[in-house]
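Worksheet: the structure to be examined is printed underneath.
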Amino acid sequence: MKVIGFTGNYGEGDEKLQSYLVPDSSILYSGRPFFLPDFASAIVASPTIIVRMSRLGKCVAPKFAHRYWDAFTAGFTLRAVNSDDDRLHGLDRAFDGAAIVGDWVMTETMEDPLRAVVETRVGENFVSAHSLSDMKHSLDDLIAACSGRCSIKMGDLLITGDTAGELVLEPGNKLMAFIGLQQVLDVKVRL
């Protein structure tokens, strides 16, 4: 299973769309705690929407890409900040627990999954509310781009981009996310 992530896909700025890969050991599912690692001076979290691939595909045309995913959820991508160690640049998103993934919502249960609002919170504080239709580059284009470089397989995860500003995580934070009224993510941050 691959976890393919994008940055620069939400918001108003001119940030260039970039992709990255993280190992499957980076996945942390809802309900499990995230332990702050001691190798970073800070861990920065960004809310995101994650899509699960449901078919094998290579060089998928954008007009057929909607057939290649079956579920989506809210999540957070984490980035390690180290001010004094440049040797690990590029690995700042590739560590255990760096991709927090909520419970899956099947597309067939939604009237329009591209417009379903995904709301994220830290404790009771609102962080963001976005949908897949808010992206600069459509989900169909992302799937087509990924499948043109490597085969996508059933179960691969596509992190569509960071949807809001960055939050520095602290012990005691509680990361939560909702799709409509359904809570899909609940993760406590611990030392």
**Request:** Any chance you could check the Cα centroid distance between the range 132-191 and the range 50-84 for me, in angstrom?
**Result:** 8 Å
**Asked** In the set (1) 1.07; (2) 1.05; (3) 0.95, which value of Rg/Rh (Cα atoms, Kirkwood Rh) was calculated from the structure you see?
**Response** (3)
**Request:** Taking the Cβ of A145 as the centre, find all other residues whose Cβ is under 15 Å away and add up their charges (Lys, Arg: +1; Asp, Glu: -1).
**Result:** +3
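Sorting check: for 39-48, 129-138, which peptide has the highest mean count of neighbouring beta carbons within 10 Å, and how do the rest follow?
39-48, 129-138
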**Message:** Using helices alone, I'd like the mean residue ellipticity at 222 nm for the chain: each DSSP H run of four-plus residues gives -39500 (n - 2.57), total over residue count, nearest 500.
**Reply:** -1500 deg cm²/dmol
**Asked** Cross-link list K63/K174; K153/K174; K58/K174; K2/K174: which exceed 30 angstrom alpha carbon to alpha carbon?
**Response** K63/K174; K153/K174; K58/K174
**Complete:** To the nearest 20 debye, the chain has a Cα-centred charge dipole, built from +1 on Lys and Arg Cβ and -1 on Asp and Glu Cβ, of 640 debye
**Request:** Please turn the phi angles of the range 55-71 into ³J(HN,Hα) values with the Karplus equation 6.51 cos²θ - 1.76 cosθ + 1.60 (θ = phi - 60°), one per residue in order, whole Hz, x for glycine and proline.
**Result:** 9, 7, x, 9, 6, 6, 6, x, 5, 9, 4, 4, 7, 9, 9, 10, 8
**Request:** Arrange C146, C59 by Cβ neighbour counts within 10 Å, fewest through most, would you?
**Result:** C59, C146
**Prompt:** For the charge dipole of the chain, defined by +1 on Lys and Arg C-beta atoms and -1 on Asp and Glu C-beta atoms about the Cα centroid, which residue among I4, I43, P33 has the Cα displaced farthest towards the positive pole?
**Reply:** I4
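Read-outs: derived from the displayed coordinates by stated rules, not from any lab. From a predicted model like this one, the values you see are computed outputs, not experimental measurements. Note: ideal-geometry Cβ built from the backbone for every residue, glycine included; neighbour counts use all protein chains shown.
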